[in-house]
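Novice: Following this message is one structure expressed as structure tokens.
The values are calculated or read from the model by the stated rules, or taken from the named source; none is laboratory data. In this text, all values refer to a predicted model and were calculated from it rather than measured experimentally. Note that each Cβ is placed from the backbone with ideal geometry, even for glycine, and that neighbours are counted across all protein chains shown.
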Amino acid sequence: MDEVTLAEALIAIDTSRLDGIETALEYIEGWCSGRDLPVEELRFGDRRCLRVSVGEGPLRVMLNGHVDVVPGEPGQFTPQRRGDRLYGRGAYDMKAAVAAMMLAVGDLVGESDPGVQVDLLIVPDEERAAPGANCSELVVADGYRADFVICGEPTDFHVGVHAKGVAIMEMRVPGLAAHSSTPWLGRNAILRTVEMMPRIETCPFMEGRGTLLGSPSVNLSTIVGGDAVNCVPAHCTATLDVRFVPGQSADEILQQIRDLDPEVEVEMVISRPPADLNPDDPFVRSLRDAALPFSPDSRAVGRDGSSDAVAFLGAGVPAVEFGPVGAGHHGPEEWVSIESLGLYRRALVEFVRSLSSSPTVAGA
């Protein structure tokens with residue numbers, strides 16, 4: 001089985017749902033067992049993830065991948081090849097990368113190079129937007145450590161060393177009810193919520209800049225308000241998704257938004273810090289060196305989205321994002337380059353092979 005066929009099998013499973021996630025984990029577990037790859041279940045309450053370990057030695061590298069996806073249209077779970085592109089929900093974020101990682105681990109079985117253990121961790125909940133820790137964070141809290149972690153998020157063969165932090169907030173905006181025929185006698189909470197957005201976009205935190213990143217962003221993600229069509233809505237609840245750069249504080253951002261209107265209640269729901277790893281880290285340099293033969297413009301970059309890399313960085317473990325070429329993740333036309341998948345698989349293998357002889361890593 002090649003990485004494209006395996007990616008298609010994973011894309012065909014609707015893992016925006018819990019039953020689909022379990023089906024995908026069972027598929028991966030069976031695939032690994034059928035190839036004599038030692039697969040271990042890690043369970044945390046009602047969630048579980050899978051870990052495959054190959055090789056031995058003092059150096060430990062983790063390949064981290066997630067099988068869950070954001071919801072998509074039914075047709076997106078039928079993978080389609082169009083030229084060099086493989087389309088489907090999760091093709092770019094990040095089932096194709098998971099497939100390539102699985103095959104790369106299989107390629108490394110029996111490697112003679114000493115001193116490197118490779119762990120493949122497959123988690124079910126990177127896209128999760130609920131409060132509380134996800135599985136990568138729980139694995140770290142359980143004591144897992146590595147020398148270097150690669151999260152297979154979509155990066156077009158660049159090495160993501162910086163990423164924006166996440167501050168998801170719930171905003172409760174009051175209004176004043178009135179009859180819809182006399183809206184001037186009330187205060188429309190939905191309109192008041194929408195009118196908050198340009199004010200938020202002028203908050204001081206929006207002036208921040210990252211070394212490899214642009215400015216912070218804020219998205220009005222969900223909005224619910226009103227009780228009846230013939231009433232001026234007296235209440236509205238909205239969700240804000242704020243992405244901020246290294247050096248900024250989620251708590252300070254929360255306070256700045258609260259200061260805009262004392263009548264509006266704003267509560268932090270999820271907060272995750274930015275990723276901030278030195279581009280000159282020895283492992284980063286070795287990964288870039290391994291990627292360059294397959295992608296000559298590979299470089300260290302900043303990423304607008306967040307990933308499970310921050311779970312490991314928070315424990316002092318250097319972690320990056322590194323994935324194949326594509327576009328459209330979380331959108332209606334998500335695709336990954338078929339050619340890049342084979343190159344990505346080879347780059348991962350070459351990176352691991354290079355570690356024992358790498359002077360930059362040996363001196364880390």
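Novice: Six or more apart or on different chains, Cβ atoms under 8 Å: show the pairs whose first residue is in the range 184-207 and farther than 13 Å from Phe244 by Cα and whose second is among the β-branched types (Val, Ile, Thr) and assigned to a loop (DSSP other than H, G, I, E, B).
Specialist: Leu185/Val232; Gly186/Val232; Arg187/Val232; Asn188/Val232; Met196/Val264
Novice: Assess whether Ser286 counts as being within 25 Å of Arg145 (Cβ to Cβ) and more than 19 Å from the chain's Cα centre (by Cα).
Specialist: So Ser286 passes the test.
Novice: Here's another thing I want to ask about it. How about the range 200-214: which of its residues are surrounded by 15 or more Cβ atoms within 10 Å (Cβ to Cβ) and assigned to a helix (DSSP H, G or I)?
Specialist: Hits for the range 200-214 are Ile200, Phe205, Met206.
Novice: Do we have Gly331 as outside the structural domain of Ala96 (by TED's automatic domain parsing) and at pLDDT below 95 here?
Specialist: Spelling it out, it is not the case that Gly331 is outside the structural domain of Ala96 (by TED's automatic domain parsing) and at pLDDT below 95.
Novice: Residues that are in contact (Cβ under 8 Å) with a residue 24 or more places away in the chain and surrounded by 18 or more Cβ atoms within 10 Å (Cβ to Cβ): find the strands (runs of 3 or more DSSP E) completely inside the range 215-313 holding 3 or more of those.
Specialist: Those strands (runs of 3 or more DSSP E) span 235-244, 265-272, 300-303.
Novice: Follow-up question, since we're still on this one. Does Ile13 satisfy the condition of being in contact with a helix residue (DSSP H, G or I) (Cβ under 8 Å, 6 or more places away or on another chain), of a type in the set (A, V, I, L, M), modelled with pLDDT of 95 or more and more than 23 Å from Ala146 (Cβ to Cβ)?
Specialist: yes
Novice: I've got another one for you. Report whether or not Glu321 is modelled with pLDDT of 95 or more and surrounded by fewer than 21 Cβ atoms within 10 Å (Cβ to Cβ).
Specialist: Answer is no for this residue.
Novice: Still on this structure, I have one more. Restricting the search to the range 18-35, which residues are among the charged types (D, E, K, R) and modelled with pLDDT under 95?
Specialist: Arg35, the sole residue that qualifies.
Novice: Conditions first: (1) without any contact (Cβ under 8 Å) to a residue 12 or more places away in the chain; (2) touching an Asp or Glu at 6+ places or on another chain (Cβ under 8 Å); (3) hydrophobic (A, V, I, L, M, F, W, C). Phe77 passes all but one, so which condition is the exception?
Specialist: Going through (1) without any contact (Cβ under 8 Å) to a residue 12 or more places away in the chain; (2) touching an Asp or Glu at 6+ places or on another chain (Cβ under 8 Å); (3) hydrophobic (A, V, I, L, M, F, W, C) one by one, Phe77 breaks only (1).
Novice: Could you tell me whether Gln117 is in the same structural domain as Ser16 (by TED's automatic domain parsing), at negative phi and modelled with pLDDT under 95? Steps first, answer last, please.
Specialist: Values: in the same structural domain as Ser16 (by TED's automatic domain parsing): yes; at negative phi: yes; modelled with pLDDT under 95: yes.
In short, yes.
Novice: Take Glu195 and decide whether it is among the acidic types (Asp, Glu) and in contact with a strand residue (DSSP E or B) (Cβ under 9 Å, 6 or more places away or on another chain). I'd like the intermediate steps shown before the answer.
Specialist: Values: among the acidic types (Asp, Glu): yes; in contact with a strand residue (DSSP E or B) (Cβ under 9 Å, 6 or more places away or on another chain): no.
Considered against the rule, which asks whether it is among the acidic types (Asp, Glu) and in contact with a strand residue (DSSP E or B) (Cβ under 9 Å, 6 or more places away or on another chain), Glu195 comes out as no.
Novice: Which ones in the range 6-45 are surrounded by fewer than 18 Cβ atoms within 10 Å (Cβ to Cβ), over 23 Å from the mean Cα position of the chain (by Cα) and assigned to a helix (DSSP H, G or I)?
Specialist: Scanning the range 6-45 gives Gly30, Ser33, Gly34.
Novice: Is one or more of the residues making up the range 67-82 part of a strand (DSSP E or B) and at pLDDT below 95?
Specialist: No, the range 67-82 contains no residue that is part of a strand (DSSP E or B) and at pLDDT below 95.
Novice: Which numbered condition trips up Val336, out of (1) of a type in the set (A, V, I, L, M, F, W, C); (2) touching a His at 6+ places or on another chain (Cβ under 7 Å); (3) crowded, with 20+ Cβ neighbours inside 10 Å?
Specialist: Only one criterion is unmet by Val336, namely (2).
Novice: Is it the case, given these coordinates, that Leu86 is touching a helix residue (DSSP H, G or I) at 6+ places or on another chain (Cβ under 6 Å), part of a strand (DSSP E or B), under 20 Å from Leu355 (Cα atoms) and assigned by TED's automatic domain parsing to the domain that holds Leu37?
Specialist: Judged against the criteria, Leu86 is not a match.
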